[in-house]
Amino acid sequence: MAQLDLIDRKIVSELMRDATLPVAQIADRVGLSQTPCWKRIQKLEASGVIEKRVALANPQELGLGLTVFVAIEAPDHGPEWRAAFAAAVEKLPEIMEVWRMAGEMDYLLRVAVSDMAAYDLLYRRLTDAVPIRNITSHFAMERLRHTTAYPIDTKSW
């Protein structure tokens, strides 16, 4: 884990809120001049603290208004099944996130599709690709809060 000083935390916080900010504006907000700020951003990218900068799209506007959380129970926990499962979910772009879990389910997937018919097709493609002991689908009705910005402490310690 990288040790970030207050300036680095402020830079990361600003970029998570809006990655399109010009370096001059970020520098002003964190109390640096442009060149040292740009060097810090490059260092944060090189060290993996900043993985990438992306645009966030509205799924409704893209025709992907149905979000489904899918709980998967694996039939076994061997390396062959895990590799087959990883390969299967990698081939399905509708699967936005895959989390290996502790507890009642083995994996939790976040899926974005247009409608129930599209989800049914994804379901069949996934269950045809790899054996699954149990699959439970939870359909999101409303997104009350959404952020991609982690809660970074930007106050001096």
### Query
Just to be sure, is THR136 among the hydroxyl-bearing types (Ser, Thr, Tyr), in a loop (DSSP other than H, G, I, E, B) and out of contact with any Leu (no Cβ under 9 Å at 6 or more places or on another chain)?
no
#### Entry: Pair list, Cβ < 7 Å and 6+ apart or interchain, from region 95-116 residues that are within 16 Å of ILE132 (Cα to Cα) and in the same structural domain as HIS77 (by TED's automatic domain parsing) to residues that are of a type in the set (A, V, I, L, M, F, W, C) and part of a loop (DSSP other than H, G, I, E, B)
ASP106/ALA74; TYR107/MET101; LEU108/MET101
### Task
May I ask you to list pairs of residues, at least six apart or on different chains, whose Cβ atoms are under 7 Å apart, with the first in region 134-151 being not assigned by TED's automatic domain parsing to the domain that holds MET116 and surrounded by 10 or more Cβ atoms within 10 Å (Cβ to Cβ) and the second being assigned to a strand (DSSP E or B) and of a type in the set (Lys, Arg)?
none
### Those residues of region 88-130 which are more than 24 Å from GLN60 (Cα to Cα) and either in contact with a helix residue (DSSP H, G or I) (Cβ under 8 Å, 6 or more places away or on another chain) or outside any helix (DSSP H, G or I) (or both), in sequence order
ALA88, ARG100, MET101, ALA102, GLY103, GLU104, MET105, ASP106, TYR107, ALA129, VAL130
### Hits in region 12-24 (condition: surrounded by 14 or more Cβ atoms within 10 Å (Cβ to Cβ) and out of contact with any Lys or Arg (no Cβ under 6 Å at 6 or more places or on another chain))
VAL12, SER13, LEU15, MET16, LEU21, VAL23
### Summary
Residue pairs within 7 Å by beta carbon, gap of at least six or interchain, first lying in region 23-44 and farther than 12 Å from LYS10 by Cβ, second exposed (fewer than 14 other Cβ atoms within 10 Å of the Cβ), listed first then second, are GLN34/ALA24
### Query
Of the residues in region 22-43, how many are over 21 Å from LYS155 (Cα atoms) and assigned to a loop (DSSP other than H, G, I, E, B)?
1
### Query
Right, ARG53: closer than 30 Å to ALA24 by Cβ and not assigned by TED's automatic domain parsing to the domain that holds MET16 or not?
yes
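The values are calculated or read from the model by the stated rules, or taken from the named source; none is laboratory data. Everything numeric in this text was worked out from a predicted model, so none of it was measured. As a convention, Cβ positions derive from the backbone with ideal geometry for all residues, glycine included, and neighbour counts pool all protein chains shown.
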